[in-house]
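The values are calculated or read from the model by the stated rules, or taken from the named source; none is laboratory data. The structure presented is a predicted model; accordingly, all values stated were derived computationally and were not measured. Just so you know, the surface numbers come from the protein's heavy atoms only, side chains and all, with ligands and any DNA or RNA stripped out. Shrake-Rupley method; radii C 1.70, N 1.55, O 1.52, S 1.80 Å.
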Amino acid sequence: MTTTRPNAIGAPGYSETMPCEPTSASRARRLVRAALHTWDLGHLIDDGTLIISELVGNA
């Protein structure tokens, strides 16, 4: 398994390419949680993780 790290792509922005594996959804949720915490947007974590779960699940 190849481990990748999120890349800062500007202020604010992150990008990470994830493999087509079941573990990618949890990795994506962690990335969204970390980004929203960093940007002081903790109140959006529930909505953000739900949205990213749907996007990754449908990809």
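Can you sort Thr49, Thr17, Thr38, Thr23 by solvent-accessible area, 1.4 Å probe, largest first?
Details: Thr49 20, Thr17 110, Thr38 85, Thr23 65 Å².
Descending accessible area places them as Thr17, Thr38, Thr23, Thr49.
Using a 1.4 angstrom probe on the protein heavy atoms only, line up Leu36, Leu55 by accessible area, largest first.
Working: Leu36 20, Leu55 110 Å².
So the residues, ranked largest to smallest area, are Leu55, Leu36.
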